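The structure under discussion appears below in the form of structure tokens.
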Amino acid sequence: MEIVILAVVIALVAIGAISGLVVSSRRKKQLPPDGPSSTPTITAPPAEPHVGEEAETPRDEPRRTIEEVGLPEAQAPTAPGTEAPFVTEPVPPVEVPEPTAGRLVRLRARLSRSQTTLGKGLLTLLSREHLDEDTWEEIEDTLLTADVGVAPTQELVERLRERVKVLGTRTPEELRGLLREELLELIGTEADRSVRTDGGEEVPGVVMVVGVNGTGKTTTTGKLARVLVADGRSVVLGAADTFRAAAADQLQTWGERVGARTVRGPEGGDPASIAFDAVKEGIAESADVVLIDTAGRLHTKSGLMDELGKVKRVVEKHGPLDEVLLVLDATTGQNGLVQARVFAEVVDITGIVLTKLDGTAKGGIVVAVQRELGVPVKLIGLGEGPDDLAPFEPEAFVDALIGD
């Protein structure tokens, strides 16, 4: 019994000791007595330092709370019909191109720059008192230098020899008349030099413009649009030159000047698809003519030439092509004939456009290219102006070459 009592006493003593330790520990963890406010102070960010002469030590600047910032007052709704007018950029006026009738005569001064070698050179030689063999060789060299070509040169020299023998005494007027007749015979006056753009009853006339890089093909297409508009025709342009940067933009600018719409696609897109869409749009708009500008294809790359043939085949799904114009740089002379041969093998060339015929070009190229392809020169470019593309008129051309 005594042992039980002793165990109970020991247990009570242990419980008391443990309770004391717990109370002491809690007292040690109590917070310090309340003193001054311990709320943290928020410091405003320093003001941004000034720059240059206004630089100074950053200082506190007054700041407003969100309650102090006023909100903008709500505006009353605008009554219908009183809205401010919508301002648009001014649209440039549509230009009125010069009439095509007699345009070549008006540009005669520029064309006459090519007369020194061919026209005046021949007249000077033919005016000599004695026309010996050396003189006739000089005449032949003059014609060859003017890019007339070997076969046409031989024909012309033979005819001149015969007519000079019959003529006998030669005055300047007689020589000029004789030379004019022979050059006209060489160039030809019977060919149909009009650009065919009639089309069918429900299909516009379709003209495809081809040529190598650098001949002025896209510019010629734009100028041709002006020629057609000047003649009262409505035009849709097809920008199928998708390989040259900004070619479509250039063509569109030409079209906007005369109110012609341009159908175009993404750069590097399928030229045949764009050409097809251009004709489709021309039909939908009842346009008179669709002009398709193709890429300036290098004639040495058969793959590109094959693609040109594809453009032609796709366009002909709407109907036959009325005109395929080959643009040649007149300053390239006989080198341009190489281009002409290759293009003629891919598409049926129906007409020639000679550009840059106002400067160093030699007028004899007109004869040579016609003989090479068997198709007439229909248009010539005589300058950089928008209306410097003229229908080719043999009489006016020869008159400009030999002078008054």
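The values are calculated or read from the model by the stated rules, or taken from the named source; none is laboratory data. Just so it is clear, the model here is predicted, and its values are computed rather than measured. Here the Cβ positions follow ideal geometry from the backbone for every residue, glycine too, while neighbour counts run over all protein chains shown. Just so you know, the surface numbers come from the protein's heavy atoms only, side chains and all, with ligands and any DNA or RNA stripped out. Shrake-Rupley method; radii C 1.70, N 1.55, O 1.52, S 1.80 Å.
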Inset, instruction - For residues that are under 17 Å from VAL96 (Cα atoms), open to solvent by less than 20 Å² (accessible area, probe 1.4 Å) and of a type in the set (Gly, Ala, Ser), tally how many sit in segment 201-230. - result: 2
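If a residue must be among the hydrophobic types (A, V, I, L, M, F, W, C) and in a helix (DSSP H, G or I), how many such residues does segment 345-366 contain?
Let us first name the residues in segment 345-366 that are among the hydrophobic types (A, V, I, L, M, F, W, C), namely 346-347, 349, 352-354, 357, 361, 365-366.
If we keep only those that are in a helix (DSSP H, G or I) as well, we get 346, 365-366.
Summing the residues that are among the hydrophobic types (A, V, I, L, M, F, W, C) and in a helix (DSSP H, G or I) in segment 345-366 gives 3.
Yes or no, residue by residue, for (1) under 18 Å from VAL195 (Cα atoms); (2) in contact with a Gly (Cβ under 9 Å, 6 or more places away or on another chain); (3) outside any strand (DSSP E or B):
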| position | (1), (2), (3) |
| --- | --- |
| ARG313 | no, no, yes |
| GLY319 | yes, yes, yes |
| VAL327 | yes, yes, no |
| THR331 | no, yes, yes |
| GLN339 | no, yes, yes |
| PHE343 | no, yes, yes |
| ALA368 | no, yes, yes |
| GLU372 | no, yes, yes |
Legend entry - Counted residues, segment 360-372 - those being within 28 Å of the chain's Cα centre (by Cα) and among the hydrophobic types (A, V, I, L, M, F, W, C): 4
Inset, instruction - Evaluate the following for GLY296: is it assigned to a loop (DSSP other than H, G, I, E, B), crowded, with 19+ Cβ neighbours inside 10 Å, out of contact with any His (no Cβ under 8 Å at 6 or more places or on another chain) and not basic (Lys, Arg)? - result: yes
Inset, instruction - Mind listing just one residue for me: the one in segment 146-172 that is polar (S, T, N, Q) and over 15 Å from GLU372 (Cα atoms) and, of those, surrounded by the fewest Cβ atoms within 10 Å (Cβ to Cβ)? - result: THR169
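Table: residues versus (1) surrounded by fewer than 23 Cβ atoms within 10 Å (Cβ to Cβ); (2) within 14 Å of ALA146 (Cβ to Cβ).
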{"residue": "LEU357", "(1), (2)": "no, yes"}
{"residue": "VAL366", "(1), (2)": "no, yes"}
{"residue": "VAL375", "(1), (2)": "yes, no"}
{"residue": "GLY381", "(1), (2)": "no, no"}
{"residue": "GLU395", "(1), (2)": "yes, no"}
{"residue": "ASP399", "(1), (2)": "yes, no"}
Inset, instruction - Tell me, yes or no, whether segment 124-134 has at least one residue that is open to solvent by 20 Å² or more (accessible area, probe 1.4 Å), in contact (Cβ under 8 Å) with a residue 40 or more places away in the chain and under 30 Å from ARG233 (Cβ atoms). - result: no
Inset, instruction - Select from segment 173-186 the residues that are buried (at least 18 other Cβ atoms within 10 Å of the Cβ) and either of a type in the set (Gly, Ala, Ser) or touching a Phe, Trp or Tyr at 6+ places or on another chain (Cβ under 7 Å) (or both) and list them in ascending order. - result: none
Inset, instruction - Consider GLY403 carefully, then state whether it is open to solvent by 10 Å² or more (accessible area, probe 1.4 Å) and either small (Gly, Ala, Ser) or modelled with pLDDT under 85 (or both). - result: yes
Inset, instruction - Exactly one condition in (1) closer than 16 Å to GLY363 by Cα; (2) open to solvent by 80 Å² or more (accessible area, probe 1.4 Å); (3) modelled with pLDDT of 90 or more is not met by ARG196; state its number. - result: (1)
Inset, instruction - Answer yes if at least one residue in segment 302-320 is surrounded by 18 or more Cβ atoms within 10 Å (Cβ to Cβ) and basic (Lys, Arg), and no otherwise. - result: yes
Inset, instruction - Have a look at GLU181, GLU133 and point out the one that is modelled with pLDDT of 90 or more and farther than 25 Å from GLN370 by Cβ. - result: GLU133
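I'm checking my understanding of the structure. Among residues of segment 245-293 that are among the hydrophobic types (A, V, I, L, M, F, W, C), within 11 Å of the chain's Cα centre (by Cα) and not in a helix (DSSP H, G or I), which one is farthest from THR220 (Cα to Cα)?
Taking segment 245-293 and keeping what is among the hydrophobic types (A, V, I, L, M, F, W, C), we get 245-248, 251, 254, 258, 260, 263, 272, 274-276, 278-279, 283-284, 287, 289-292.
Restricting the remaining residues to those that are within 11 Å of the chain's Cα centre (by Cα) gives 245-248, 251, 254.
Now narrow it down to the ones that are not in a helix (DSSP H, G or I): 245-246.
Values: ALA245: 17, ALA246: 16 Å.
Only one residue fits best here, namely ALA245.
So that you can scan it fast, the table gives a plain yes or no per residue for (1) under 15 Å from ALA260 (Cα atoms); (2) among the acidic types (Asp, Glu); (3) touching a Ser or Thr at 6+ places or on another chain (Cβ under 8 Å); (4) without any contact (Cβ under 8 Å) to a residue 12 or more places away in the chain:
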position	(1), (2), (3), (4)
VAL203	no, no, no, no
VAL210	no, no, yes, no
GLY222	yes, no, yes, no
LEU228	yes, no, yes, no
VAL235	yes, no, no, no
ASP241	no, yes, yes, no
